[in-house]
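Below is one structure, written out as structure tokens; the observations come after it.
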Amino acid sequence: MADGISSFWGPVTSTSECCEKNYAYSSYIAEFYNTISNILPILLAFIGLVNAIRQRFEKRFTVLHVSNMILAIGSMLYHATLQRLQQQGDETPMVWEMLLYMYILYSPDWHYRSTMPTFLFLYGAIFAVVHSVIRFGIGFKVHYVILCLLCIPRMYKYYIHTNDASAKKLAKLYVATLSLGSLCWFSDRVFCKQISSWPINPQGHALWHLLMGFNSYFANTFLMFCRAQQRGWAPKVVYLTGILPYVEIEKPKTQ
């Protein structure tokens, strides 16, 4: 939300802004709360990454957690600068991440193993090139929502085929954080004029970042549980410091 304050990064060149005053706290950070709110998603993704590496999960989960971190870093740079290039560094990894989720969700039952990763890789590469040239605007949001919707039926199938109550709780937390986060994002976008007149801005987009950080963590943990169950690794959900859930597995000695 522009306010005319001078900035280190120059004029805003991104195609969208959030309901937060620009450069309110520093000439180096355009949207302060939207920038620092990405720290938690990075930390959560790092915790998931450490667990995936420590227990030698398949490399797809290492890549998934790294992609979560890259996305949060890209979002941080975008909101700090509000520049077109950094916006691409935020939006393109969003699409790549969803393509990775699609691979993890659908690949176990895909009969032609090489076709899916090849198609998804080419799709992501072509999108990155096109997105670097064309400003999609609302088209990007519609495209991203479609990719998300394509993942939901498979997540539901995993949910109904999982009997473990703790794993089902992860799926419910995933839905809850997604719903609440989407509400915060929508309110920040649609009701900015009204919110701007309030004594305190609730920072809906920053709350979206925080909730989506947990959302990604819960989704990743649930998928790791389901995959470990498919591989016969006797997964169970345990809690770090009694609060943060993660998956503990026990591989057969032959693996």
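The values are calculated or read from the model by the stated rules, or taken from the named source; none is laboratory data. These numbers come from a predicted model, not from an experiment. Reconstructed Cβ throughout: ideal geometry from the backbone, glycine too, with neighbour counts over all protein chains shown. Only protein heavy atoms, including side chains, enter the accessible area calculation; ligands, DNA and RNA are left aside. Shrake-Rupley method; radii C 1.70, N 1.55, O 1.52, S 1.80 Å.
Could you look through the range 22-36, keep only residues that are outside any helix (DSSP H, G or I) and in contact (Cβ under 8 Å) with a residue 24 or more places away in the chain, and pick out the one that is nearest to the chain's Cα centre (by Cα)? Before you say what the answer is, go through the steps one by one.
Here is the first cut: in the range 22-36, the ones outside any helix (DSSP H, G or I) are 22-31.
This time we only want the ones that are in contact (Cβ under 8 Å) with a residue 24 or more places away in the chain, so: 22, 28-31.
Numbers: Asn22: 24, Tyr28: 25, Ile29: 22, Ala30: 22, Glu31: 19 Å.
Per the criteria, the residue is Glu31.
Please count how many residues of the range 4-15 are among the hydroxyl-bearing types (Ser, Thr, Tyr), open to solvent by less than 60 Å² (accessible area, probe 1.4 Å) and touching a residue at least 60 places away in the same chain (Cβ under 8 Å). Lay out the reasoning, then the answer.
First pass over the range 4-15, keeping only residues among the hydroxyl-bearing types (Ser, Thr, Tyr): 6-7, 13-15.
Checking the rest, the ones that are also open to solvent by less than 60 Å² (accessible area, probe 1.4 Å) come to 7, 13-14.
Applying the additional criterion that residues be touching a residue at least 60 places away in the same chain (Cβ under 8 Å) yields 13-14.
Residues in the range 4-15 being among the hydroxyl-bearing types (Ser, Thr, Tyr), open to solvent by less than 60 Å² (accessible area, probe 1.4 Å) and touching a residue at least 60 places away in the same chain (Cβ under 8 Å): 2 in total.
Within the range 136-172, if we keep just the residues that are farther than 30 Å from Arg84 by Cα and touching a Ser or Thr at 6+ places or on another chain (Cβ under 9 Å), the residue that is most open to solvent (accessible area, probe 1.4 Å) turns out to be Lys168.
I need the full set of residues from the range 40-66 which are under 16 Å from Ile104 (Cα atoms) and surrounded by 21 or more Cβ atoms within 10 Å (Cβ to Cβ), in order please. Passing the criteria: Gly48, Ala52, Phe57, Phe61, Leu64, His65.
The number of residues in the range 88-110 being free of Cβ contacts under 8 Å to residues at least 24 places away in the same chain and either of a type in the set (Asp, Glu) or over 22 Å from Tyr158 (Cα atoms) (or both) comes to 3. Being modelled with pLDDT under 90, open to solvent by 60 Å² or more (accessible area, probe 1.4 Å), over 19 Å from Arg189 (Cα atoms) and out of contact with any Pro (no Cβ under 7 Å at 6 or more places or on another chain) holds for only one residue in Tyr106, Tyr28, Tyr112, and it is Tyr112. Just one of (1) assigned to a loop (DSSP other than H, G, I, E, B); (2) at pLDDT below 95 fails for Gly89. It is (1).
Filtered by the rule that a residue be more than 19 Å from Gly213 (Cα to Cα), among the β-branched types (Val, Ile, Thr) and free of Cβ contacts under 8 Å to residues at least 24 places away in the same chain, the range 44-87 gives a lone residue, Ile53.
Working only within the range 67-90, note down all residues that are surrounded by fewer than 23 Cβ atoms within 10 Å (Cβ to Cβ), in contact with a Phe, Trp or Tyr (Cβ under 8 Å, 6 or more places away or on another chain) and more than 26 Å from Glu248 (Cβ to Cβ). Of everything in the range 67-90, those that are surrounded by fewer than 23 Cβ atoms within 10 Å (Cβ to Cβ), in contact with a Phe, Trp or Tyr (Cβ under 8 Å, 6 or more places away or on another chain) and more than 26 Å from Glu248 (Cβ to Cβ) turn out to be Ala80, Gln83, Gln86, Gly89, Asp90.
Within the range 111-126, residues that are among the small types (Gly, Ala, Ser) reach partners that are open to solvent by less than 50 Å² (accessible area, probe 1.4 Å) with beta carbons closer than 9 Å, at six or more positions or on different chains, in the pairs Gly124/Thr92; Gly124/Val95; Gly124/Leu99; Gly124/Leu100.
To keep it simple, each residue is scored yes or no on (1) in contact with a Pro (Cβ under 6 Å, 6 or more places away or on another chain); (2) free of Cβ contacts under 8 Å to residues at least 60 places away in the same chain; (3) open to solvent by less than 30 Å² (accessible area, probe 1.4 Å); (4) assigned to a helix (DSSP H, G or I).
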residue	(1), (2), (3), (4)
Ser179	no, yes, no, yes
Ser182	no, yes, no, yes
Lys193	no, yes, no, yes
Ala206	no, no, yes, yes
His209	no, no, yes, yes
Met212	no, no, no, yes
Tyr217	no, no, yes, yes
Tyr239	yes, yes, no, no
